[in-house]
1. Would you kindly identify the strands (runs of 3 or more DSSP E) lying entirely within the range 76-139 that contain at least 1 residues that are hydroxyl-bearing (Ser, Thr, Tyr), in contact (Cβ under 8 Å) with a residue 24 or more places away in the chain and assigned by TED's automatic domain parsing to the domain that holds Ser173?
2. Given (1) closer than 30 Å to Thr205 by Cβ; (2) surrounded by 20 or more Cβ atoms within 10 Å (Cβ to Cβ); (3) in contact with a Lys or Arg (Cβ under 6 Å, 6 or more places away or on another chain), identify the lone condition not met by Val24.
3. Filter the range 328-384 down to the residues that are assigned to a loop (DSSP other than H, G, I, E, B) and in contact with a strand residue (DSSP E or B) (Cβ under 7 Å, 6 or more places away or on another chain), then identify the one that is nearest to Arg128 (Cα to Cα).
4. Applying the selection to the range 197-229, what residues are modelled with pLDDT of 95 or more and either of a type in the set (S, T, N, Q) or under 30 Å from Ala14 (Cα atoms) (or both)?
5. Residue check, Arg359 against (1) under 29 Å from Leu111 (Cα atoms); (2) buried (at least 21 other Cβ atoms within 10 Å of the Cβ), all met but one. Which one?
6. Please determine whether any residue of the range 31-54 is assigned to a strand (DSSP E or B), farther than 20 Å from Glu195 by Cβ, aliphatic (A, V, I, L, M) and more than 22 Å from the chain's Cα centre (by Cα).
7. Please pick out the residue among Val290, Val349 that is in contact with a Leu (Cβ under 6 Å, 6 or more places away or on another chain) and over 30 Å from Cys83 (Cβ atoms).
8. Might you check whether a residue that is under 19 Å from Ser271 (Cβ atoms) and at pLDDT 95 or above occurs anywhere in the range 95-102?
Amino acid sequence: MSIRERLSGNEAVAIAMRQINPDVMPAFPITPSTEIPQYFSSFVANGLVDTEFVTVESEHSAMSAAIGAEAAGARTLTATSSCGLALMWEELYVAASNRLPIALALVNRALSGPININADHSDSMGARDSGWIQIYSENNQEAYDNFVQAYRIAEHADVRLPIMICQDGFITSHAVENINLLEDDIVKNFVGEYEPENYLLNNKTSMAVGPYATPAFYMEAKRAQSQGMNNAKQVILDVAKEFKTISGREYGLFEEYKLDDAETAIVILSSAAGTAKDAIDKLRSEGKKVGLLKIRVFRPFPAEEIAQALKNCKAIAVMDRSEGFNSQGGPVCAEVKSGLYNIDEKPLVVNYVYGLGGRDVKVESIEEVYAALDKIVADKTVGEGYRYLSIRE
């Protein structure tokens, strides 16, 4: 039986953490993720969890402590945003290369400068190649559901990689929505107990964590790490299928919205997908065949599946809430184009950079994108393939 609640995205994630009852949470506050450890510390203080809450002096220390705790055999999580993730940079790679299934609640925020505390994806996109699984959330319900599924994915024997669950700062993290929570015992049984195979406090087996790797071993370690990421794709689908049996809510690698007969489509991540859906409903009522592909799982990137889902479209707009600074566009578009490369019939592709630093994304803004796609279809050429949306040039 689900529990109906009105919660912000931050509080919803904190409740998921409470229901999981991790062993250790090291954390350092940074806007807009501060509320997550704040809520969770109250659960610790009130005896609602058995977690060791570690107050540290920086985000680098938070991830360092998480690595130490996870390597010792403790289920560990933390939360951060923006510059906090950047300060963890070195340790993100260490966590992934040591195959430590740490869970991170990332509340997406623009990465300075100029200094800005609002939503874009420059923090997580900057870490896209660090070896962490990345799952993005459109709304508060998805942020909660994704975090409940996180450990089942990360701790799987075929994966053993850290995972970050992303949501947009202030847009979902602080906005309050009606959501359905699962009962505590259902989450507890779904997530299960953490049973690491190898860990430092296991006195029956000696092991080293983070040893120096010479050229004779380094590539094999990276290949094994890459295989874990490849395996995560099927594990994510398997966990989602089981999650549906306890929640009634269905998740995949991405969501298709009115895409079956769409002639033009937008590819997008996170909260702006909701705005796009409203625009699609409006345009559909006018007889336009428009659709949406919302990427949920960015790492591992489901290139082949996305290519198949988009192959019948005449033109698509890939939306990036971060700048790639490569004169060609953003990282999401680069990944989508790479996936489309190997299919014979492919749509024309235009890239939009949008919503940087929290710039509003309105229904009218999305309608402009679909109008541009109509022109691309009519002209049979993309023209300017790398554009900014809603900007004063």
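1. Numbers: elements: 77-80, 103-108, 133-136.
The strands (runs of 3 or more DSSP E) meeting that bar are 77-80, 133-136.
2. All conditions pass for Val24, except number (3).
3. Looking only at the range 328-384, we keep the residues that are assigned to a loop (DSSP other than H, G, I, E, B), and these are 328-330, 341-347, 354-355, 359-362, 380-384.
Next, only the ones that are in contact with a strand residue (DSSP E or B) (Cβ under 7 Å, 6 or more places away or on another chain) stay: 328-330, 347, 354, 382.
Values: Gln328: 18, Gly329: 16, Gly330: 12, Pro347: 25, Tyr354: 19, Val382: 28 Å.
Here the answer is Gly330.
4. Those that are modelled with pLDDT of 95 or more and either of a type in the set (S, T, N, Q) or under 30 Å from Ala14 (Cα atoms) (or both): Thr214, Gln225, Ser226, Gln227, Gly228, Met229.
5. (2)
6. Taking the range 31-54 as the starting set, the residues that turn out to be assigned to a strand (DSSP E or B) are 52-54.
Going one step further and asking which of them are farther than 20 Å from Glu195 by Cβ, we end up with 53-54.
Narrowing further to those that are aliphatic (A, V, I, L, M): 54.
So of that shortlist, the ones also more than 22 Å from the chain's Cα centre (by Cα) come out as 54.
Among the residues of the range 31-54, at least one is assigned to a strand (DSSP E or B), farther than 20 Å from Glu195 by Cβ, aliphatic (A, V, I, L, M) and more than 22 Å from the chain's Cα centre (by Cα), which makes the answer yes.
7. Working: Val349 fails: in contact with a Leu (Cβ under 6 Å, 6 or more places away or on another chain).
Selected residue: Val290, the only one of Val290, Val349 that is in contact with a Leu (Cβ under 6 Å, 6 or more places away or on another chain) and over 30 Å from Cys83 (Cβ atoms).
8. Residues of the range 95-102 under 19 Å from Ser271 (Cβ atoms): none.
Checked the range 95-102: no residue is under 19 Å from Ser271 (Cβ atoms) and at pLDDT 95 or above.
The values are calculated or read from the model by the stated rules, or taken from the named source; none is laboratory data. Since this is a predicted model, take the numbers as computed values, not measurements. We place every Cβ from the backbone using ideal geometry, glycine too, and count neighbours over all the protein chains shown.
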